[in-house]
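The values are calculated or read from the model by the stated rules, or taken from the named source; none is laboratory data. Remember, it's a predicted structure, so these values are computed and weren't measured experimentally. Every residue, glycine as well, gets a Cβ built from its backbone with ideal geometry; the counts of neighbours run over all protein chains shown.
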Amino acid sequence: MNQQDRVLIVGAKGMLARAVRDAFSSRGMEAVGVDVPEIDITKPESVAGVFDRVKPHVVINCAAYTNVDGCESNRAIADAVNGHGVGNLAEASRSIGATLVHYSTDYVFDGSLRRPLRPDDPVGPVSAYGQGKLLGETLLQKALRGTNVAWLILRTAWLYGPVGPTGNNFPQAILKAAAAGKPLRVVADQFGSPTYTADLAEATLTLLEKRSSGIFHVTNAGQTHWADFARAVLKQFSVDYPVENITTDDWKKIKPDSATRPAYSVLDLSAYERATGKPMPSWQDGLTRYHAAMKAIST
């Protein structure tokens with residue numbers, strides 16, 4: 001990747017896409033952003049039309065149907081966007097020789113291995129969201145493996161980043177519930193790594209600069225469970241409010257239609273660190289910088 005490369009960000013209105021665009025901007029590089037209705041990744045002709053107009057050298061796919069629970073009742077949409085849409089982007093990238101970066105998820109794993117998960121570990125998603133994302137991974141590799149087109153599948157987890165007053169993510173949901181005086185009963189038996197969008201975006205550009213290709217796991221370093229993450233959010237924002245630990249089974253009784261999530265989906269970052277020579281910041285450090293970013297938005 002060099003300064004002259006044309007970069008196309010698909011799903012440009014999303015939380016991650018904004019961080020990716022900022023990361024390019026910090027390097028003096030501009031990126032073209034597209035989102036619906038300008039592009040519909042579920043339609044090959046729509047993708048081809050945008051690619052023909054922009055003629056990108058690098059395509060970064062931030063488009064996704066991320067409502068994990070909603071995917072359970074909308075499997076066709078989830079598979080169309082998270083699966084076949086990725087395949088359409090891969091086919092179009094192959095046709096013009098553009099590097100394709102796609103973000104996937106820890107939810108492609110079933111959570112049964114109680115150690116940090118490597119990129120080559122067996123997959124087995126237990127939710128419609130995870131199944132759709134795995135379909136996207138599969139179609140991308142089918143289109144691009146064995147070609148001279150570079151590609152990156154970046155599996156990440158528990159993603160959050162700066163949002164406006166009407167935006168939402170896990171930290172904002174916790175803060176809003178506390179402000180409204182609602183009881184905070186949060187699952188304490190699902191373990192993962194909260195990931196700040198700015199850190200994922202920087203890691204993406206580092207891999208591109210190293211001309212890496214393949215599947216990498218990229219999250220903030222360290223692990224926690226959802227209830228302790230909620231407590232860390234409240235402490236970071238100086239909010240004194242109780243959080244009650246509950247189990248996944250308890251949550252299923254409260255939200256019986258919610259998707260099944262892996263009990264343990266901490267991702268092994270060593271392949272990324274070997275490829276880049278850089279460690280990922282801790283999730284606690286990411287949360288501190290998220291707080292600073294949200295303060296800047298509100299002032």
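What residue, of A173, A150, is without any contact (Cβ under 8 Å) to a residue 60 or more places away in the chain and surrounded by fewer than 23 Cβ atoms within 10 Å (Cβ to Cβ)?
It is A173.
Listed here are the residues, each with its yes/no results for (1) in contact with a strand residue (DSSP E or B) (Cβ under 7 Å, 6 or more places away or on another chain); (2) under 17 Å from Y107 (Cβ atoms); (3) touching a residue at least 24 places away in the same chain (Cβ under 8 Å).
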position: H225; (1), (2), (3): yes, yes, yes
position: A230; (1), (2), (3): yes, no, yes
position: P242; (1), (2), (3): no, no, yes
position: K253; (1), (2), (3): no, no, no
position: V266; (1), (2), (3): yes, yes, yes
position: P281; (1), (2), (3): yes, no, yes
position: S298; (1), (2), (3): no, no, no
(message) Any residue in segment 97-108 that is without any contact (Cβ under 8 Å) to a residue 12 or more places away in the chain and at negative phi sitting within a Cβ distance under 6 Å of a residue that is part of a strand (DSSP E or B) and of a type in the set (G, A, S)? List the pairs, counting only those 6 or more apart or interchain.
(response) none
(request) Out of the residues in segment 148-169 that are among the β-branched types (V, I, T) and at pLDDT below 95, state the one that is farthest from P56 (Cα to Cα). (result) T166
(request) Name the single residue, out of those in segment 197-245 being among the acidic types (D, E) and over 17 Å from T99 (Cβ atoms), that is surrounded by the fewest Cβ atoms within 10 Å (Cβ to Cβ). (result) D240
(request) Scan the helices (runs of 4 or more DSSP H) fully inside segment 73-174 and keep the ones with 1 or more residues being within 22 Å of Y272 (Cα to Cα) and polar (S, T, N, Q). (result) 128-144
